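**Q** Okay, handing you the structure first.
The values are calculated or read from the model by the stated rules, or taken from the named source; none is laboratory data. Treat the numbers as computed from the prediction; the structure is a model and nothing was measured. Counting neighbours? That spans all protein chains shown, and the Cβs are built from the backbone with ideal geometry, glycine included. The protein model used for the area step is the full one, side chains on, heavy atoms only, and it has no ligands, DNA or RNA in it. Shrake-Rupley method; radii C 1.70, N 1.55, O 1.52, S 1.80 Å.
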Amino acid sequence: VVELLAALNPGHEGGCGTVHANSAADVPARLESLALPAGLNRDGLNAQVAAGLDAVIHVLREPDGTRRAAGVAVLERGTDGLVRTVPAVVFRDGRVIGGPGAQRLPG
């Protein structure tokens with residue numbers, strides 16, 4: 001995870017990576033669990049995530065094995081310094097449902 005965060009913080013826009021988590025909301029905790037064994041503490045990890053990541057696209061696997069985008073969440077850093085996800089868009093039953101983070105997505 002340290003290498004991923006370094007690649008996503010090069011000083012210019014653009015980049016992507018894959019993290020396996022159960023939901024977009026679980027991504028910050030998953031990154032923390034991957035960073036600790038690599039020697040990056042919670043504060044350092046959250047600082048790197050806040051600086052390098054803007055959004056998370058959650059992809060899920062349907063019962064038939066196909067994969068689809070389930071939603072997009074934006075990241076925000078709380079007053080406690082921890083990064084949280086804020087739902088921006090949910091894709092459900094052929095509908096696009098806006099969430100509280102939708103205004104932070106590019107037009």
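**Q** State whether the residues of region 56-65 include one that is touching a strand residue (DSSP E or B) at 6+ places or on another chain (Cβ under 7 Å), within 18 Å of residue 23 (Cβ to Cβ), buried (at least 19 other Cβ atoms within 10 Å of the Cβ) and among the hydrophobic types (A, V, I, L, M, F, W, C).
**A** Yes, some residue in region 56-65 is touching a strand residue (DSSP E or B) at 6+ places or on another chain (Cβ under 7 Å), within 18 Å of residue 23 (Cβ to Cβ), buried (at least 19 other Cβ atoms within 10 Å of the Cβ) and among the hydrophobic types (A, V, I, L, M, F, W, C).
**Q** Out of the residues in region 82-107 meeting the condition of being farther than 23 Å from residue 48 by Cα and assigned to a loop (DSSP other than H, G, I, E, B), tell me which one is least open to solvent (accessible area, probe 1.4 Å).
**A** 99
**Q** Among the candidates 65, 107, 14, 101, which residue alone is farther than 23 Å from residue 1 by Cα and at pLDDT below 90?
**A** Answer to the selection: 107.
**Q** Any residue that is open to solvent by less than 40 Å² (accessible area, probe 1.4 Å) and more than 15 Å from the chain's Cα centre (by Cα) - is there at least one of those in region 44-52?
**A** Yes; the residues of region 44-52 include at least one that is open to solvent by less than 40 Å² (accessible area, probe 1.4 Å) and more than 15 Å from the chain's Cα centre (by Cα).
**Q** Of the residues 39, 14, which is more than 23 Å from residue 87 (Cα to Cα) and loosely packed, with under 11 Cβ neighbours inside 10 Å?
**A** Exactly one residue qualifies, and that residue is 39.
**Q** Is at least one residue of region 54-62 farther than 25 Å from residue 13 by Cβ and of a type in the set (Gly, Ala, Ser)?
**A** No, every residue in region 54-62 fails to be farther than 25 Å from residue 13 by Cβ and of a type in the set (Gly, Ala, Ser).
**Q** Name every residue in region 18-35 that is under 19 Å from residue 69 (Cβ atoms), in contact (Cβ under 8 Å) with a residue 12 or more places away in the chain and open to solvent by 60 Å² or more (accessible area, probe 1.4 Å), in order of residue number.
**A** Passing the criteria: only 25.
**Q** Among the numbered conditions (1) surrounded by 12 or more Cβ atoms within 10 Å (Cβ to Cβ); (2) at pLDDT 95 or above, tell me where residue 5 comes up short.
**A** Result: residue 5 fails condition (2) only.
**Q** State whether one or more residues within region 36-47 are charged (D, E, K, R), in contact with a Leu (Cβ under 6 Å, 6 or more places away or on another chain) and either farther than 19 Å from residue 70 by Cα or at pLDDT below 90 (or both).
**A** If we filter region 36-47 for residues that are charged (D, E, K, R), which is where we start, we get 42-43.
Restricting the remaining residues to those that are in contact with a Leu (Cβ under 6 Å, 6 or more places away or on another chain) gives none.
No - not one qualifying residue is present in region 36-47.
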